[in-house]
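Data block below; observations after.
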Amino acid sequence: MRYLFSAVIIILIFSAPASAQTNKETESRLKQALLTNPQDPRANLDLGIFYYNKDVYPEARDYFETVVDLAPNTEYAAEAKKYLASMDRKVEKRWRVDTALGLQYDSNVVLNPDDGPLPEGISRKSDWRALIYLKGQYDFLKKQNLLGTASYSFYQSLHSRLSDFNISQHTLGANVIYDLSKITIKGAYTFEYILVGGDAYDYSHTVTPSLTIKEGNGLSTIVQYSYSWTKFKDADLFTDNSDRTGSNNQISIAQNIPIGGSAEAKIGYAYDNDNAREDFWDYNGNKFFAGLNLKFPRNISMDLYGEYYTKDYDETHPNYGKTREDIVHTYSLTLSKRLSERLSIAVGEIYIRNKSNIDAFDYKRAITSAYITARF
């Protein structure tokens, strides 16, 4: 019935004379159709076309992107993508900038990255921190099926009390994507440099080739391999940090599964092997993960994620006389709302529980976040 209602409105639109009053009435009728069912891809598509024909591209893009989100791999999404591509060709914009400002409460601020040992006497402290994120990307290669991008991102955390654990992160990246009708091939390289409390903590090189296979009806499989080499630096708080210098190999497979027109699930498995300078840091990891994205009216979405990760270390740790075994549970929930084409807000919660047979590595961590993002 709602599709019939939308069709009747379209007939009325194109049979009416073109005038300012008619345009206003047309817009009102289209919005009335959308109010009848905000998740109707046809109604969103019609409004997008209306604004596209009036050269109001920001409004048109919002509705076209909503169509793609609501009804992926349908004729409505295909039509919306044509209009989006047309707008992109008109704009011919090869660069973009993403920014984010946020606030977090962390129950375990001084937890060392990669589950390293905690500094003596100040472990497991909670604190508030402000977050600043900036990323610039430029498309240096843009052809019909080929895209090449280069990017730089900067991340900074500023703690209320524990300033020794402020993190500065600089990341350079390059991607090449070759998109065919059923297969997408991607190659990525990143260089990352991290400082903790103003001191160098580590730098790494990572190469990641991946293959996405599109089975149709929104189903897709992603196979990915990643190789990283990381140089860890010693510092006053992390005196033996350099022992972990070495490489990591990871291979993963994931399946994207659409659920109706407003939800998508993802399940997968990853295996990784870490080889460090000191053998007691070497481990084999097995990770099972699942995620669910839900879209609601008024540009609201929810992301749920869960992960079960086991890490079995190769050698006895010299400080504890045991071979370390960890089981890591990670759960997250994020609610976001798109305020406009460029602006969105989000709140989230992450909970991590690392169960280890060595007390020094056994911990709980909860992070509550609120942030605003903008794209230019």
- Just checking, which of 369, 356 is in the same structural domain as residue 133 (by TED's automatic domain parsing), among the polar types (S, T, N, Q) and under 16 Å from the mean Cα position of the chain (by Cα)? 369
- Query: With respect to residue 77, is the statement that it is surrounded by 18 or more Cβ atoms within 10 Å (Cβ to Cβ), more than 21 Å from residue 342 (Cβ to Cβ) and among the hydrophobic types (A, V, I, L, M, F, W, C) true?
  - Reply: yes
- Item | Test: residue 256 is assigned by TED's automatic domain parsing to the domain that holds residue 183 and either in contact (Cβ under 8 Å) with a residue 40 or more places away in the chain or loosely packed, with under 14 Cβ neighbours inside 10 Å (or both) | no
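A quick yes/no check of all residues on (1) touching a residue at least 40 places away in the same chain (Cβ under 8 Å); (2) under 29 Å from residue 40 (Cβ atoms); (3) outside the structural domain of residue 66 (by TED's automatic domain parsing):
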residue	(1), (2), (3)
251	no, no, yes
277	no, no, yes
280	yes, no, yes
287	no, no, yes
300	no, yes, yes
306	no, no, yes
318	no, no, yes
- Message: Could you check region 295-311 and list, in sequence order, the residues that are assigned to a strand (DSSP E or B) and either farther than 20 Å from residue 268 by Cα or at pLDDT below 95 (or both)?
- Response: 295, 296, 300, 301
- Selection within region 231-255 - at pLDDT 95 or above and part of a strand (DSSP E or B): 231, 246, 247, 248, 249, 250, 251, 252, 253, 254, 255
- Query: Just for region 177-202: of the residues that are among the aliphatic types (A, V, I, L, M) and more than 18 Å from the chain's Cα centre (by Cα), which one is nearest to residue 229 (Cα to Cα)?
  - Reply: 194
- Task: Sort out which residues of region 179-210 are among the acidic types (Asp, Glu) and touching a Phe, Trp or Tyr at 6+ places or on another chain (Cβ under 7 Å), and write them in order of number.
- Result: 192, 202
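The values are calculated or read from the model by the stated rules, or taken from the named source; none is laboratory data. For clarity, every value in this text was computed on a predicted model and none was experimentally measured. Neighbour counts run over all protein chains shown; Cβ positions are idealised from the backbone, glycine included.
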